[in-house]
Amino acid sequence: MRSRYCAFALGDAGHVFRTWHPSTRPADVDLDPSITWTGLTVLAAGEDWVEFEARYEHASTTGRMHERSRFERRAGRWFYVDGVVS
């Protein structure tokens, strides 16, 4: 989860793509360069899920994204499957 957040913050679409489960990932990942990610708080975690809040700035405003994400471990690596944004 943290490596994916860092990839979003640094604009590393390749890492976001590579860590997305092949069964659910899009054909291409485009990150919005006008969004500045400013912080991550992991609220809870289980065996294969993470609930987090990510803070950002966009067009001179601040915001928060709250999501519960599911992950699957394959060949010793974790992959993002999907998430529910609330």
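Just so it is clear, none of the values below were taken in a lab; they were calculated from the coordinates. Keep in mind that what you see is a predicted model, and the values were worked out from it rather than measured. A quick note on method: Cβ atoms are made from the backbone with ideal geometry, for glycine too, and the neighbour counts reach across all protein chains shown.
What to note about this one:
- Centre-to-centre separation between the Cα atoms of the range 1-29 and those of the range 36-71: 14 Å.
- Of all DSSP-defined beta bridges confined to the chain, some 95% are antiparallel rather than parallel.
- Column: log10 I(q)/I(0), Debye, Cα scatterers of the range 2-85, q = 0.12, 0.16, 0.24 Å⁻¹: -0.35, -0.63, -1.34
- 3J(HN,Hα) along the range 31-41, derived from phi through the Karplus expression 6.51 cos²θ - 1.76 cosθ + 1.60 where θ = phi - 60°, amounts to 9, 7, x, 7, 9, 10, 7, 10, x, 9, 10 Hz, with x in place of Gly and Pro.
- Amide H contacts for Ala45 (H built 1.01 Å from N in the peptide plane; partners 5 or more residues away or on another chain; cut-off under 5 Å): Glu51.
- Annotation for the range 16-53: GluC sites (Glu not before Pro) lying in DSSP loop with at most 14 further Cβ atoms inside 10 Å of their Cβ are Glu47.
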